[in-house]
Amino acid sequence: MKKKIAIVDYGSGNQRSLYNLIKYLGYDPVITDELSIIERSEILILPGVGSFSGLMTKLKNKNLIKILNEQVIIKKKKYLGICVGMQILAKKGYEFGERDGLGWIDGEVSKIISKNLPLPHVGWNNIEKKKSHILCSDLDNESDFYFVNSYSIKKYNNNDIIAFTNYNEKFPSIINKDNIYGLQFHPEKSQICGKIILKNFFEL
């Protein structure tokens, strides 16, 4: 029996490309903002595009914050946040002003100190595994993924970090706390490595 997967639709983002990849992997996701469908789903995915404050505003306007808390924190459903969808897991963000996040993990989101490197950080970069995890099965320690980000999670709990990426400064690129997972990169743009990590996630 196939798992019920909901890609949470908050009004913008690249849901379709992620949807197509998940279908390719043999699963049957649905893109939705309907509370009843989210309640019936076993896995929730939030593919974030845009800013920390912008995403939190859209979730609030669509009355999605309460149901996400209920389904992920209380009912312990598996959650995957991608890019900004991972960043809003933190307690606070400073993109376009200070804004509270979901607060599911420790941390604050602020701009990458890139020095002479351009921002946003766009393109291929490798991960450095901090610890062994089934999510990274069949991935090399320096597997490349596709990033688009100017901000990263800081003041994090080391226990929540699976892997880091370096772009002048080291930042978390794969996180996990209990049933909550986050990827700073875009698996749907990361070719074979993106397929592997998504497949691993669905098989957890």
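The values are calculated or read from the model by the stated rules, or taken from the named source; none is laboratory data. A quick note: this is a predicted structure, and the numbers were derived from the prediction, not measured. Counting neighbours? That spans all protein chains shown, and the Cβs are built from the backbone with ideal geometry, glycine included. Protein only, heavy atoms only, side chains kept; ligands, DNA and RNA dropped before computing areas. Shrake-Rupley method; radii C 1.70, N 1.55, O 1.52, S 1.80 Å.
Here's the picture: charge each Lys and Arg Cβ at +1 and each Asp and Glu Cβ at -1 in the chain, and of 73, 104, 163 the one pushed furthest to the positive end of that dipole is 73. Normalised by 2.2 N^0.38 Å, where N is the number of residues, the C-alpha radius of gyration of region 82-161 stands at 1.17.
Of the accessible area of the chain, computed with a 1.4 Å probe over protein heavy atoms only, carbon and sulfur atoms account for 48 percent. Taking a ≥ b ≥ c as the square roots of the eigenvalues of the Cα gyration tensor, an a/c ratio of 1.5 or more together with a/b no larger than b/c marks region 70-204 as oblate.
Once you divide the Cα radius of gyration of region 1-81 by 2.2 N^0.38 Å, the number left is 1.04. Extension gain for residue 69 to residue 140 (0.36 nm times residue separation, less C-alpha to C-alpha distance): 22.2 nm. Restriction of the GluC sites (Glu not before Pro) in region 125-171 to DSSP coil positions whose beta-carbon has at most 15 other beta-carbons within 10 angstrom yields 142.
Between the listed residues 11, 63, 126, the Cα displaced farthest toward the positive end of the dipole of the chain, a dipole computed from Cβ unit charges relative to the Cα centre, is found at 63.
Sorted from longest to shortest, the spans of the Cα atoms of region 144-196 along the three principal axes equal 30, 29, 13 Å.
Length gained on full extension, residue 91 to residue 25, computed as 0.36 nm times the residue gap minus the Cα-Cα distance: 20.5 nm. When the GluC sites (Glu not before Pro) in region 15-102 are filtered for DSSP coil states and for at most 14 other beta-carbon atoms within 10 Å of their beta-carbon, the remaining sites are 34, 42, 98. Working from label points 7 Å from Cα in the Cα-to-Cβ sense, the residue 132 to residue 195 distance is 2.6 nm. Overall, the anisotropy analysis places region 33-137 in the oblate class: the square-rooted eigenvalues a ≥ b ≥ c of its C-alpha gyration tensor yield a/c not less than 1.5, with a/b not exceeding b/c. Length gained on full extension, residue 42 to residue 170: 42.8 nm, using 0.36 nm per residue less the C-alpha separation. Per residue, the solvent-accessible area of the chain (1.4 Å probe, heavy atoms of protein chains only, all protein chains present) comes to 46 Å².
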